[in-house]
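Okay, so here's the structure we're looking at.
The values are calculated or read from the model by the stated rules, or taken from the named source; none is laboratory data. In this text, all values refer to a predicted model and were calculated from it rather than measured experimentally. Cβ placement follows ideal geometry from the backbone for every residue including glycine, while neighbour counts extend to all protein chains displayed. Only protein heavy atoms, including side chains, enter the accessible area calculation; ligands, DNA and RNA are left aside. Shrake-Rupley method; radii C 1.70, N 1.55, O 1.52, S 1.80 Å.
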Amino acid sequence: MFQELSQSMAALSFIDIFNFCVFFTFTVCYTYQLYYVFVVLTRKAPKQEAKRDHRFAVLVAARNERTVIGDLISSIKAQDYPQDLIDIYVIADNCTDDTAAVAREAGATVFTRHNQEKVGKGYALDFGLKAIWKQFPNAGHEAYFVFDADNVLDKNYFKEMNKTFDGGAKASTSYRNSKNFDSNWISAGYGVWFLREAKFLNQARLTLKTSCAVSGTGFFIAADVLKEAGGWKWHLLTEDIEFSASSITDGLRIAYNPKAVLYDEQPTTFRDSWNQRARWAKGFYQVFAHYAGGLAKGIFTNERGHRFACFDMLMTLAPGMLLSIISVIFNAVIVVLSFTGVISVGVAIASSLSSIFFCLFNYVMFMFVFGVLTTFVEWDSIRATSARKIRSMLTFPFFMLTYIPIALVALVKKTTWKPIKHTISVDVADYAEAPKMERAS
């Protein structure tokens with residue numbers, strides 16, 4: 001009996017130590033993001049001004065986007081910025097509709113690409129860049145903007161981003177809002193997530209003068225950076241995060257402009273959402289595998305003073321959710337083995353069950369708090385009814401919970417890029433002015 005008690009206590013100690021290590025690791029790695037919240041709530045983002053207007057090119061990789069591409073181009077044409085300083089290039093990538101014709105009619109220069117082997121946004125951007133350099137060698141573009149075809153811009157977008165570029169930024173992201181926040185709980189989940197990323201991650205990084213991260217759309221990269229790279233050389237499933245990790249590893253700081261506002265269309269079906277987020281999860285794993293070593297090294301040796309940026313990017317890439325999943329699975333296995341009599345550790349059942357509950361409950365509560373905080377702080381920026389905004393606070397944690405099976409499947413299943421159909425065409429004039437609260441951030 002004494003021997004059995006000793007074995008039980010030893011097993012229980014191991015379980016408790018394991019769960020404590022998981023909790024401690026999370027605390028050490030991610031507590032700094034709570035400080036980000038404090039920074040945003042107590043300090044204003046630095047003001048930016050420009051001495052002169054710069055010449056830009058716009059790159060849009062579009063695949064069967066005839067419904068929305070015209071809205072984006074119209075919003076660029078309506079910018080409060082000299083139109084002769086903005087050149088719009090659309091890469092009609094493997095299209096089977098008349099996206100190219102619609103884009104040309106709207107005023108863009110169109111490059112048609114057909115390649116079924118090298119599929120993905122990164123390859124399309126590289127194709128577009130090299131076409132510009134070959135056909136317009138004297139265009140004099142100082143930076144290249146990247147947008148998705150479904151985006152619509154606030155009329156001051158380029159004026160604001162010009163300030164950031166004029167201030168010396170080699171790359172910068174912007175404020176990402178949603179044009180269909182109120183479609184359903186899925187689009188609202190995306191909307192809250194991107195607003196949280198803009199407000200409580202990138203704005204804090206801007207204020208603290210560390211590096212931000214590019215996220216999908218709404219960013220520029222200086223021409224000399226792309227020339228030095230020989231084009232768009234980032235071709236993993238999440239080419240935006242790969243660019244961010246690569247740049248930060250090399251000591252390049254990515255800026256942010258909270259007053260440059262763009263709106264994009266979020267998925268509304270769970271299948272589209274699953275496919276998109278599975279690609280993101282797989283892409284994060286790929287980028288982590290390629291760049292974790294360099295970022296970890298940069299925490300201690302980065303020569304340009306961006307050591308914290310390396311740490312921040314490493315934590316962004318680190319598969320933290322997998323650590324939670326491992327913890328839940330580990331404790332679930334202990335419970336099953338105890339109930340089936342494979343191991344005689346009755347007291348461990350309560351410990352493992354409580355750990356599973358603690359892990360999931362904390363995750364849900366953390367997301368709930370962030371959802372509520374983000375929604376209230378950005379209330380006037382969200383294009384939805386008050387009822388939808390309130391419902392989104394309740395549904396956001398469950399939207400984030402669906403990442404758990406997605407992260408697991410992406411870990412073991414081959415994932416490829418799959419197009420998501422965009423169908424929401426809007427009146428560009430309705431998006432010309434960003435909400436006052438948003439513009440004052």
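Numerical summary
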read-out: The stretch 76-144: trypsin sites (Lys or Arg not before Pro) in DSSP coil with no more than 15 other Cβ atoms inside 10 Å; value: Lys118
read-out: Sequence-distant lysines (8 or more away, or on other chains) whose Cα lies within less than 22 Å of Lys134; value: Lys118, Lys121, Lys227, Lys233
read-out: Above-threshold pairs, the threshold being 21 Å between Cα atoms, out of Lys44/Lys297; Lys155/Lys209; Lys130/Lys163; Lys199/Lys389; Lys47/Lys209; Lys51/Lys170; value: Lys44/Lys297; Lys155/Lys209; Lys130/Lys163
read-out: Calculated SAXS-style log₁₀ I(q)/I(0) at q = 0.11, 0.16, 0.20, 0.23 Å⁻¹ - the stretch 59-188, Debye, Cα scatterers; value: -0.41, -0.88, -1.30, -1.50
read-out: Ranked order, Thr42, Thr268 - accessible area, probe 1.4 Å, largest first; value: Thr42, Thr268
read-out: Most to least packed among 277-290, 361-374, 419-432 [average Cβ atoms within 10 Å]; value: 277-290, 361-374, 419-432
read-out: Anisotropy class of the stretch 240-311 from Cα gyration tensor, a/c 1.5 cut; value: oblate
read-out: Leu237 - accessible surface, heavy atoms, 1.4 Å probe, Å² rounded to 10; value: 30 Å²
read-out: Principal axis box of the stretch 84-128, alpha-carbon based, largest edge first, Å; value: 36, 23, 10
read-out: Computed E for Arg391/Asp97 - FRET, C-beta separation, R0 45 angstrom, nearest 0.05; value: 0.80
read-out: Surface share of carbon and sulfur [accessible, 1.4 angstrom probe, percent] for the stretch 92-187; value: 46 percent
read-out: Part-to-part distance (alpha-carbon centres) for the stretch 37-52 and the stretch 235-278, which is given in Å; value: 22 Å
